[in-house]
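For reference, the structure discussed in these notes is given below.
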Amino acid sequence: MSEQRTYDSGVGAVAILPETPLFWSYSSLKAVETCPRRYVLGRARYPDLWEGSGYPEVPNPAGLFGDIVHDSLEVIVAALAANGCTSASGPEAIAVLKELGGYSEVVRAMLARRLARMEGNPRLEGGRRDRLQDQLEHRIPEAREEVQLYLHRMTLTPREGAGSGSGGGSRRYRRGVGSHPEATLQADELRVWGRIDLLSVGATQVGITDYKTGAEDESHFDQLRFYAVLWDQDSLSNAARTPLGTLTASYPNRELTIAAPEPDELQALVAAIGSQVAAADASVLAAEPAAQPGEHCGFCAMRHLCSAYWLAVPEPATLRGGTWFDFEGIVRERNGIKSWWLSDLSPQHLRLLLRTTSAQLTFEPGQRLRLLGLRRDDDPEADAVVAVLTPMSEVFVVSGESDY
């Protein structure tokens with residue numbers, strides 16, 4: 001076993017850095033390419049902070065909504081396929097949906113399952129989890145409608161033969177003729193894997209469908225080509241060597257289909273993925289995981305841990321009123337019952353008047369803070385930048401300099 005590596009950002013708990021995964025997925029390869037430091041810190045262990053895996057995140061409501069739609073599709077399509085249904089309509093399908101409790105009940109159950117995973121998350125305290133739940137429960141009708149739109153276009157093929165399997169798609173086995181939702185594929189030599197939303201195996205060719213709940217993006221086709229490599233290289237799932245036919249990105253209102261890569265294209269993709277895996281391994285094991293600042297930083301759950309991010313945050317005075325921003329500075333003194341004077345870390349020590357929503361929140365002069373999610377406020381009577389610390393903002397005390 002290799003020696004345990006740690007990282008102390010000076011903000012909260014010390015991270016125990018991860019080793020390289022046994023198998024990489026498309027999303028994990030993209031994540032480490034986008035920013036190795038974000039990937040490493042996101043998958044590190046923080047035993048002094050919580051018992052969960054990775055760094056605790058504040059869920060993005062839009063992203064969580066998409067996950068709930070995706071989870072609901074997974075449950076319904078798996079039930080339809082297991083019962084030999086060819087679509088989401090007809091007496092057999094209606095009986096299956098009735099047994100599941102209907103679309104809304106499935107969505108509600110998937111919401112509850114996602115929320116249950118957040119138990120113990122220290123960043124969802126103080127009513128944050130309840131507000132998130134209320135926000136998503138109001139969108140259950142919208143989620144139900146999206147699920148129905150996907151299912152309306154879907155055609156399933158009954159499975160043939162005992163070898164096709166009848167259980168969950170997460171198991172690996174020889175994929176015979178039929179529709180296989182949530183099918184796990186794995187390319188052992190390449191060390192990559194993926195879970196296909198819908199693998200449709202025909203007598204002469206195979207179709208791969210991936211559900212996309214966000215906006216259309218060219219990268220979705222890159223992911224489908226990655227899945228094409230998995231099918232080509234998985235000697236267990238594709239024991240019959242059935243060739244690929246089409247690759248489909250399925251959006252709420254339409255589907256976009258492309259032809260599967262030709263054999264020479266597949267070999268080029270195999271070589272490219274092999275290089276990606278080697279580069280990803282090296283990035284994870286680097287003595288100092290590299291930071292790659294960019295637009296993605298604003299959505300990073302670990303940005304308060306990364307010194308590189310704070311070198312590029314915008315000057316608050318340049319922002320318009322109502323803008324949300326992050327700020328790093330030193331507490332100078334109390335201004336009022338619910339307001340404090342801070343200064344930034346520039347040589348000019350530019351001042352910021354921080355207003356809070358609670359008199360119970362106190363700071364100590366001299367503390368160095370990293371504040372996430374402040375709202376820029378307009379106050380013509382103030383001779384400095386004014387910001388509001390809302391109930392959704394976060395405060396982190398910096399106890400030392402980052403190693404990176």
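The values are calculated or read from the model by the stated rules, or taken from the named source; none is laboratory data. Model, not experiment: these values are computed from the prediction. In this analysis, Cβ positions are derived from the backbone assuming ideal geometry, glycine residues included, and neighbour counts consider all displayed protein chains. Note: areas computed on protein heavy atoms with side chains; ligands, DNA, RNA excluded. Shrake-Rupley method; radii C 1.70, N 1.55, O 1.52, S 1.80 Å.
For the range 1-21, how many residues meet the condition of being of a type in the set (A, V, I, L, M), in contact with a Lys or Arg (Cβ under 7 Å, 6 or more places away or on another chain) and assigned to a loop (DSSP other than H, G, I, E, B)?
2
Within the range 271-281, which residues are open to solvent by less than 60 Å² (accessible area, probe 1.4 Å) and either touching a strand residue (DSSP E or B) at 6+ places or on another chain (Cβ under 8 Å) or not aliphatic (A, V, I, L, M) (or both)?
I273, G274, Q276, V277, A280, D281
Restricting to the range 173-208, name every residue that is open to solvent by 40 Å² or more (accessible area, probe 1.4 Å) and of a type in the set (D, E, K, R).
R174, D188, E189, R191, R195
How do the pairs read when you match residues in the range 45-63 that are among the aliphatic types (A, V, I, L, M) with residues anywhere that are assigned to a loop (DSSP other than H, G, I, E, B), using Cβ under 6 Å and keeping only pairs 6 or more apart or on different chains?
From residues that are among the aliphatic types (A, V, I, L, M), the pairs are L49/A13.
Is it true that some residue in the range 252-270 is touching a residue at least 40 places away in the same chain (Cβ under 8 Å), within 28 Å of L73 (Cα to Cα), touching a Lys or Arg at 6+ places or on another chain (Cβ under 8 Å) and acidic (D, E)?
So far as the range 252-270 goes, yes, one or more of its residues are touching a residue at least 40 places away in the same chain (Cβ under 8 Å), within 28 Å of L73 (Cα to Cα), touching a Lys or Arg at 6+ places or on another chain (Cβ under 8 Å) and acidic (D, E).
Which residues, taken from the range 43-72, are open to solvent by 10 Å² or more (accessible area, probe 1.4 Å) and among the hydroxyl-bearing types (S, T, Y)?
S53, Y55
Let me confirm something: among L361, L353, L342, which residue is in contact (Cβ under 8 Å) with a residue 24 or more places away in the chain and assigned to a loop (DSSP other than H, G, I, E, B)?
Sole residue among the options that is in contact (Cβ under 8 Å) with a residue 24 or more places away in the chain and assigned to a loop (DSSP other than H, G, I, E, B): L361.
Can you pull out the residues in the range 347-386 that are open to solvent by 30 Å² or more (accessible area, probe 1.4 Å) and under 30 Å from A287 (Cα atoms)?
Q367, R368
Given the conditions (1) buried (at least 19 other Cβ atoms within 10 Å of the Cβ); (2) part of a strand (DSSP E or B), report the number of the one that R332 does not fulfil.
Failing condition for R332: (1).
Restricting to the range 22-48, name every residue that is assigned to a helix (DSSP H, G or I), under 23 Å from S307 (Cβ atoms) and not basic (K, R).
A31, V32, E33, T34, P36, Y39, V40, L41, G42
Given the criterion touching a Leu at 6+ places or on another chain (Cβ under 8 Å) and within 20 Å of L236 (Cβ to Cβ), identify the matching residue among V106, V192.
Going through V106, V192 in turn, the sole match is V192.
Restricting attention to the range 105-146, and to residues there that are in a helix (DSSP H, G or I) and in contact with a Phe, Trp or Tyr (Cβ under 6 Å, 6 or more places away or on another chain), which single residue is surrounded by the fewest Cβ atoms within 10 Å (Cβ to Cβ)?
Among those that are in a helix (DSSP H, G or I) and in contact with a Phe, Trp or Tyr (Cβ under 6 Å, 6 or more places away or on another chain), it is P122.
All but one of (1) in contact (Cβ under 8 Å) with a residue 12 or more places away in the chain; (2) open to solvent by 30 Å² or more (accessible area, probe 1.4 Å) hold for L389; which doesn't?
The failed condition is (2).
For the subset of the range 1-42 comprising residues that are out of contact with any helix residue (DSSP H, G or I) (no Cβ under 8 Å at 6 or more places or on another chain) and open to solvent by less than 30 Å² (accessible area, probe 1.4 Å), which member is modelled with the highest pLDDT?
My answer is S25.
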